[in-house]
1. Taking the Cα atoms only, what angle lies between the long axis of helix 12-24 and the longest principal axis of the chain, rounded to 10 degrees?
2. Can you list the HN-Hα couplings for segment 89-100, worked out from phi with the Karplus curve (6.51, -1.76, 1.60; θ = phi - 60°), rounded to whole Hz and with x for Gly and Pro?
3. Sequence-distant or interchain residues sharing an amide H contact under 5 Å with GLY359, placed H: which?
4. Size of the dipole of the chain about the Cα centre, Lys and Arg at +1 and Asp and Glu at -1 on the beta carbon, nothing else charged, in debye to 20?
5. Would you work out which of HIS322, CYS243, ALA190 lies farthest towards the positive end of the dipole of the chain, given +1 charges on the beta-carbon of Lys and Arg and -1 on that of Asp and Glu, about the Cα centre?
6. Measure off 7 Å from each Cα along the Cα-to-Cβ vector at GLU201 and ARG350, then give the distance between these two points in nanometres to one decimal.
7. What is the Cα centroid distance between segment 330-347 and segment 202-263, reported in whole angstrom?
8. Can you figure out the FRET efficiency of ARG176 with ARG79, using R₀ = 45 Å and their beta-carbon distance, to the nearest 0.05?
Amino acid sequence: MRVNWRRTPGTNNTRAVLSAALGQAGIELEETTGPAGHVTCYSLNVANMPGLLAEIDGADCITIAGGPSATACWPDVVRAADYVVIGEGERTLPRLLAAIEAGSTDPVPGTATATGGLVPPDNTVVLDACPAFARGRGYIECSRGCPHACAFCQTPRLFPGGMRHRSIDACLEASRRLGDLRFVTPNAFAYGSDGRTPRFEKVRRLLSRLTREDARIWFGTFPSEVRPEFVTAEALELVTGFCANRRLHFGLQSGSDRVLARLGRGHTVADGLAAVDRTLDHGLIPVVDLILGFPFETDDEQAETVSLARELADRGCRLHVHGFTPLPGTPLAGGSARPVIPAARRLLGRLALTGKLTGSLDFGG
Ligand code: SF4
């Protein structure tokens, strides 16, 4: 059975994970630019789903859709796709493909179809049982899932059940193929923990085991950002002691405590500024995420974020700013982005010109 992967921007990590998992099952995933072969798999996100549903609907082959938007919007997606994979695909997709090849009509846990509806997943992926990203992408996925529930974020909805980690031995094994060691995790400093209370001794053990002369370690920088309350002196000394990065990336998201509380961020603006101070004190440059245009945000609250952005830039931070995008499956899914106030456009434009700011500055309007 020939199984294809529909190539689309922003889905390379998913392809790498699934390709490795299918490889363990003896199935090769070939890339295509349209439906082909016996089966074509799609990963649907907020950017590509509107353009791909018609293609899936018109495909002559069996179609399987997964990813954050397919998981959140499966009742819509099963009108076009033959199967939807709900949540994690590493175990579900090989089982589904085996069932298709065998001609079985038994429901496969973790899938949805137009006729059978949703069959809930019966497993949570154990990271050690699946290859890391290392071969396809050059990253090691050391942790997955998040115990926090920020209202704009799909991570805890796509990977429910809190935080899981790849063992140090498995990270070490994956690292042997790599020169630069980079990690995928929702919070690098939460390695080995429940995602709320740091276990820095485990982070230290991970970094010391991975240290070798011919490899540089990048930790706490994209794609392994951290949360501000985990930015302690002990954590920063791990970065300065073991790692090559001289930047640390974390999200503050807003300059308004009311907005942070409504988002369920679990930290205040003051917590974020304390993390900035500590980072600078350790000789690292903070890279700070901010989001503008939440549906419930007032102009005054946006002005607080603008004022925070100015202060952060003056202190030597780099800013990573985005306009709000409502993501399927999140509490803010039905909301619309509020217009960004002129003062924000002016300041962000100036900071971008001086190289202090990156991100998506197309706020519409
Ligand atoms: S802490 Fe990060 S990964 Fe976790 S819910 Fe919030 S934004 Fe998502």
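Read-outs: derived from the displayed coordinates by stated rules, not from any lab. Everything numeric here is computed off the predicted structure, so don't read it as measured data. Backbone-built Cβ (ideal geometry, glycine too); neighbour counts: all protein chains shown.
1. Orientation of helix 12-24: about 40 degrees from the principal axis.
2. x, 4, 9, 5, 5, x, 5, 5, 5, 5, 5, 4
3. For GLY359, the qualifying residues are VAL321.
4. 740 debye
5. Working it through, the farthest residue towards the positive pole turns out to be CYS243.
6. Computed distance between label sites GLU201 and ARG350 equals 5.0 nm.
7. The two parts, judged by their Cα centres, are 28 Å apart.
8. Computed FRET efficiency for ARG176 and ARG79 comes out at 0.50.
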